[in-house]
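Trainee: The structure's right below; bear with me while I get my questions together.
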Amino acid sequence: MKRLLPVLLAVLAGCATTPTRAPAHAVFIQNDYAAALAQARAEDKPLFIDYHAIWCPPCRTLEAQVFTAPAFVERARDYVLLSVDVDDPVNEPFLERFPVNNLPTLLVLDAETETPALRWMGGVGLEDVLALLDDAQRALHARLSGPEQLLLEGDRAYARREHALAAAKYQEAVARSARDWNRRGRAVESALNALWNAEHFQACAEYAVQEVPGLAAEEQVDAASFGYACARYAEEPKPWAAPAQKALEPAIEKAFEQAQRSGAKSQVWLYGSMAELLGERGDEEGARRLSEKHYAEVLAHRAKETTAQGRAAWDPQLYSAAESSGHLADTLELFARSEHELPGDFSASTRVAANLRELGRYDEALAATDRALKLAQGGRRLAVWLSRARTLERAGRKAEARADLKTALAEAERLPRMQREFSQYAVDAVRSALSGLEEAK
């Protein structure tokens, strides 16, 4: 999902901890649903499942900033935690049973019945995750009624990927709630999220226009961004989109003003979003200044991180900020350092390759892409092949670019069903690129 969409990432659980000192990071079982389920049943706890991938920016933010937070570590003691890498073939049976269509996704299961109690797709901060954990406990243990029951029914429909039904339940919960209901913001955002996934883009944008003004100030930006994204990125003809965007822009502008005052790192992305808005309005100078500010802010926050994972969580946003502000040459060394510090991370190598391509250093870019291909697995390889083909095309080696794209499509045909389904967007992008090259012959 684009930047305006509030678009989601320890070895064995059960390691001993002292009662007086919580671990620095919540301990997840890695890619073993059977083991996690057995432990959850033995301890009479629900399962908290984090679907993630190494290439997913908000997933990395969760990993670096949320799952390390003492408040999450403490609250997570009520759950057995499972980490599911969607690119790892070992998870194919689990993904067949509990599929996802975007990342990050958080899922809470009743371990006894293996019934979803709550599902959330998209990036979230610490307070959001803590609220979701509270809601999951309420869903599992409390007798609910009215808006609370409807919120639960929406969560369960969402967990089954019945997005249209989930949206209807969330909207009914909002309609039947008081203005000061403490879960109103989540219900509205959940409805928008469900409408997005149901591809009901007009309904999503218009619902945001209707509900955003009544939300608390801190809740408006995510809801407004969801609605704005629905209006901006829907592909069908949409005369309704421009009025919706105009109606939602004040909430984004207000949030940006607050972000400037607070300096909160979770809101740095708003600099880039506001730069895009100004560019769309024709204010090129204003967009340029904000792009420069966005770049400086990301650099400053990245420099404060003390771990390679923490720095890497900023790299996707840094690349975007550097590209829009003309600073790619200044960031190459930082991306190369991430690749060195995270030798198993194909996305770090892919980012180095993209940077080198934009700098016209094609042979070095191809070498970096080849390093990424040695690490990438499953459907992620398609995006790497696409990156390699783009470099070859830029270098004037179009026949080789076409060959790479055909290789990517052949690999796609051999993917397991869930991997293929999850990677459909990449398959479409490869086909489009190949079609463009064929037409240019």
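Trainee: Can you confirm whether segment 343-354 contains a residue that is modelled with pLDDT of 95 or more, farther than 17 Å from PRO57 by Cα and assigned to a helix (DSSP H, G or I)?
Mentor: Yes, because at least one residue in segment 343-354 is modelled with pLDDT of 95 or more, farther than 17 Å from PRO57 by Cα and assigned to a helix (DSSP H, G or I).
Trainee: Restricting the search to segment 345-368, which residues are hydroxyl-bearing (Ser, Thr, Tyr) and either over 14 Å from LEU392 (Cα atoms) or surrounded by 24 or more Cβ atoms within 10 Å (Cβ to Cβ) (or both)? If you could, list the steps in order and put the result at the bottom.
Mentor: So the first thing to find is which residues in segment 345-368 are hydroxyl-bearing (Ser, Thr, Tyr), and the list is 347, 349-350, 362.
Across segment 345-368, the qualifying residues are SER347, SER349, THR350.
Trainee: So, THR68, is that one modelled with pLDDT of 85 or more and of a type in the set (S, T, N, Q) or not?
Mentor: On the way: modelled with pLDDT of 85 or more: yes; of a type in the set (S, T, N, Q): yes.
So THR68 fits the description; yes.
Trainee: Considering only helices (runs of 4 or more DSSP H) fully contained in segment 208-317, which possess at least 2 residues that are closer than 22 Å to GLY122 by Cβ and more than 22 Å from the chain's Cα centre (by Cα)?
Mentor: The qualifying helices (runs of 4 or more DSSP H) are 241-262.
Trainee: Search segment 108-121 for residues that are more than 21 Å from ARG186 (Cα to Cα) and pair each with any residue that is loosely packed, with under 15 Cβ neighbours inside 10 Å when their beta-carbon atoms are under 7 Å apart and the residues are at least 6 apart or on different chains.
Mentor: Sorted first by the residue in segment 108-121, then by its partner, the pairs are ALA111/ARG41; GLU112/ARG41.
Trainee: Ok, one more. Which residue, of ASP110, ASP180, is modelled with pLDDT under 90 and of a type in the set (D, E, K, R)?
Mentor: ASP180
Trainee: Could you tell me whether segment 329-339 includes any residue that is more than 23 Å from GLN377 (Cα to Cα), assigned to a helix (DSSP H, G or I), among the small types (Gly, Ala, Ser) and over 23 Å from the mean Cα position of the chain (by Cα)?
Mentor: So the first thing to find is which residues in segment 329-339 are more than 23 Å from GLN377 (Cα to Cα), and the list is 329-334.
Imposing the further condition that a residue be assigned to a helix (DSSP H, G or I) reduces the set to 329-334.
Those still in the list that are among the small types (Gly, Ala, Ser) too: 329.
Subset that is over 23 Å from the mean Cα position of the chain (by Cα): 329.
Yes, segment 329-339 contains a residue that is more than 23 Å from GLN377 (Cα to Cα), assigned to a helix (DSSP H, G or I), among the small types (Gly, Ala, Ser) and over 23 Å from the mean Cα position of the chain (by Cα).
Trainee: Hey, could you check segment 421-441 for residues that are modelled with pLDDT under 90 and of a type outside the set (A, V, I, L, M, F, W, C) and say which is nearest to ARG97 (Cα to Cα)?
Mentor: GLU421
Trainee: Applying the selection to segment 61-96, what residues are closer than 19 Å to PRO316 by Cβ, touching a strand residue (DSSP E or B) at 6+ places or on another chain (Cβ under 8 Å) and assigned to a helix (DSSP H, G or I)?
Mentor: LEU62, GLU63
Trainee: Restricting the search to segment 133-147, which residues are of a type in the set (D, E, K, R) and buried (at least 19 other Cβ atoms within 10 Å of the Cβ)?
Mentor: Here is the first cut: in segment 133-147, the residues of a type in the set (D, E, K, R) are 134-135, 138, 143.
Within segment 133-147, just ASP135 meets the criteria.
Trainee: Residue by residue through segment 29-47, note down the ones that are in contact with a strand residue (DSSP E or B) (Cβ under 8 Å, 6 or more places away or on another chain) and farther than 15 Å from ASP78 by Cβ.
Mentor: Keep residues of segment 29-47 that are in contact with a strand residue (DSSP E or B) (Cβ under 8 Å, 6 or more places away or on another chain), which gives 29-33, 35-37, 39-40, 43, 45-47.
Those that are in contact with a strand residue (DSSP E or B) (Cβ under 8 Å, 6 or more places away or on another chain) and farther than 15 Å from ASP78 by Cβ: ILE29, GLN30, ASN31, ASP32, TYR33, ALA35, LEU37.
Trainee: Sticking with this one: If you go through segment 1-58, how many residues are within 10 Å of the chain's Cα centre (by Cα) and modelled with pLDDT of 80 or more?
Mentor: 6
Trainee: Specify which of the listed residues (LEU382, LEU415, LEU386, LEU373) is of a type outside the set (Gly, Ala, Ser), assigned to a loop (DSSP other than H, G, I, E, B) and under 23 Å from GLY344 (Cβ atoms). Outline the logic, then answer.
Mentor: Numbers: LEU382 fails: assigned to a loop (DSSP other than H, G, I, E, B); LEU386 fails: assigned to a loop (DSSP other than H, G, I, E, B); LEU373 fails: assigned to a loop (DSSP other than H, G, I, E, B).
From the options LEU382, LEU415, LEU386, LEU373, the qualifying one is LEU415.
Trainee: Shifting gears a bit: I'd like to check something: does segment 404-412 contain any residue that is surrounded by fewer than 16 Cβ atoms within 10 Å (Cβ to Cβ) and among the small types (Gly, Ala, Ser)?
Mentor: Checked against the condition, which is being surrounded by fewer than 16 Cβ atoms within 10 Å (Cβ to Cβ) and among the small types (Gly, Ala, Ser), segment 404-412 yields at least one hit.
The values are calculated or read from the model by the stated rules, or taken from the named source; none is laboratory data. Quick caveat, the model's predicted, so the values are computed rather than measured. Every residue, glycine among them, receives a Cβ derived from its backbone with ideal geometry; neighbour counts consider all protein chains shown.
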